[in-house]
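Structure, as structure tokens:
Coordinate-derived values only; no laboratory data. Keep in mind that this is a model prediction, so the values were computed, not measured. Reconstructed Cβ throughout: ideal geometry from the backbone, glycine too, with neighbour counts over all protein chains shown.
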Amino acid sequence: MGYALPASIGVALSCRDSGDTTSPTVCIVGDGSLFMQNELNTLSANRALADLPLIVLVLNDSSLSYVYQV
């Protein structure tokens, strides 16, 4: 949990560095995974990352599914 957004940031950075600035990177993440890490603050605080073509889709099920199953 918490891997999707940092990995998507890395993909978006590598695409930008290779010259592909037209294709956005799409991150599909659950609400529990999104709040397991602090990357939203990193994106908003760093001006170089704020211009990344990154789309974040958050699936809200109002629970941590793995914790709920156990």
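Shown in residue order for segment 50-59 are the 3J(HN,Hα) couplings computed by the Karplus curve 6.51 cos²θ - 1.76 cosθ + 1.60 at θ = phi - 60°: 5, 9, 5, x, 10, 10, 10, 9, 9, 8 Hz (x for Gly and Pro). Under the simplified labelling scheme, the Met36-Ala50 pair shows an inter-label distance of 2.9 nm, with each label point 7 Å from Cα along Cα→Cβ. Here is the size of the chain from its Cα atoms: Rg then Dmax, 13.4, 45 Å.
Scanning residues 5 or more positions from Gly30 or on other chains, those with amide H under 5 Å from its amide H are Leu59, with H placed 1.01 Å from N in the peptide plane.
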